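Notes to accompany the following structure.
The values are calculated or read from the model by the stated rules, or taken from the named source; none is laboratory data. Quantities reported herein were computed from a predicted structural model and do not represent experimental measurements. In this analysis, Cβ positions are derived from the backbone assuming ideal geometry, glycine residues included, and neighbour counts consider all displayed protein chains.
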Amino acid sequence: MWFRKAHNLPLEKSLFGLHFAHPLDFATLAPSKEELLKAAAKGKRIRFLELTEDVEHLFSLLYDFTDLVVIPTSAFERVDAPDLYETLDAILSTRLLYDHRIPLVLRIAPGQDEKELDQMIAYCRLSGIDGLLVPGLGNLRYVLSATQGRIPLLSYAHLETPEDAAERLREGAVLVDSSGKKPTWIREALQIIANHD
């Protein structure tokens, strides 16, 4: 994106061995299965990939075409959906077969209660999930407290103003998903972040 370095602020981040020009330099893509397969056939890389369907199969097929994979828990809420934890176990086992390690981030769906959050956090701590993508400020605070900072937290959802993004970072998020935000919005948020540091 053309605005990655245009802000001229020292806000670079490194997470999971990946470089981010600033803490809002994270936006997941959730293309359809057909779009993903076409991109892979052309050898195109997708920097941050969110798998919303046929998760286990697409993870194996697209492993070499992405830098980070996001697995949304909402993809497992349908009645006919496979079990979340069985799928994550299979994905983590598959990842062991590769020479390089792609970070896995679990996107927590909005509306999860504390019991469900605690179960997901415990699983992530024990299994090797690399990070959690957390909705809402209240959930971010709860998950940060529950993980005691041991799992990197990324934040998404309900970013109305640039100040909302800055607040997520002040509350403990390492990165904030800026999907759908315009360059002027991101520049304003980065200025707020730089002024608070």
* Applying the selection to the stretch 40-55, what residues are of a type outside the set (G, A, S), surrounded by fewer than 16 Cβ atoms within 10 Å (Cβ to Cβ) and in a loop (DSSP other than H, G, I, E, B)? -> K42, K44, R45, E53, D54
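Please enumerate the residues belonging to the stretch 145-173 that are under 13 Å from I121 (Cβ atoms), over 15 Å from the mean Cα position of the chain (by Cα) and of a type in the set (A, V, I, L, M, F, W, C).
Matches in the stretch 145-173: A146 only.
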* Asked: Given (1) under 21 Å from G17 (Cβ atoms); (2) free of Cβ contacts under 8 Å to residues at least 60 places away in the same chain; (3) among the acidic types (D, E), where does D177 come up short, assuming only one miss?
  -> (2)
* To do: Can you confirm whether the stretch 169-190 contains a residue that is of a type in the set (D, E) and under 13 Å from L24 (Cβ atoms)?
  => yes
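Within the stretch 139-163, count every residue that is free of Cβ contacts under 8 Å to residues at least 24 places away in the same chain and either surrounded by 17 or more Cβ atoms within 10 Å (Cβ to Cβ) or in contact with a strand residue (DSSP E or B) (Cβ under 6 Å, 6 or more places away or on another chain) (or both). Talk me through it step by step, then tell me what you get.
If we filter the stretch 139-163 for residues that are free of Cβ contacts under 8 Å to residues at least 24 places away in the same chain, which is where we start, we get 145, 148-149, 153, 155, 158-161.
Then drop every residue that is not either surrounded by 17 or more Cβ atoms within 10 Å (Cβ to Cβ) or in contact with a strand residue (DSSP E or B) (Cβ under 6 Å, 6 or more places away or on another chain) (or both), which leaves 153, 155, 159.
Final tally of qualifying residues: 3.
Based on what the data block shows, is T66 of a type in the set (S, T, Y), buried (at least 17 other Cβ atoms within 10 Å of the Cβ), closer than 21 Å to L153 by Cα and modelled with pLDDT of 80 or more? Steps first, please.
Values: of a type in the set (S, T, Y): yes; buried (at least 17 other Cβ atoms within 10 Å of the Cβ): yes; closer than 21 Å to L153 by Cα: yes; modelled with pLDDT of 80 or more: yes.
Yes: the conditions hold for T66.
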* **Selection within the stretch 72-125 - among the aliphatic types (A, V, I, L, M), in contact (Cβ under 8 Å) with a residue 12 or more places away in the chain and either closer than 24 Å to L140 by Cβ or in contact with a Ser or Thr (Cβ under 8 Å, 6 or more places away or on another chain) (or both)** => A75, L88, L92, I102, L104, V105, L106, I108, A109, L117, M120, I121
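With the stretch 98-180 as the region, which strands (runs of 3 or more DSSP E) entirely inside it contain at least 1 residues that are out of contact with any Phe, Trp or Tyr (no Cβ under 8 Å at 6 or more places or on another chain) and under 24 Å from H196 (Cα atoms)? Don't jump to the end; show me each part of the working.
Numbers: elements: 104-107, 131-135, 153-156.
The qualifying strands (runs of 3 or more DSSP E) are 153-156.
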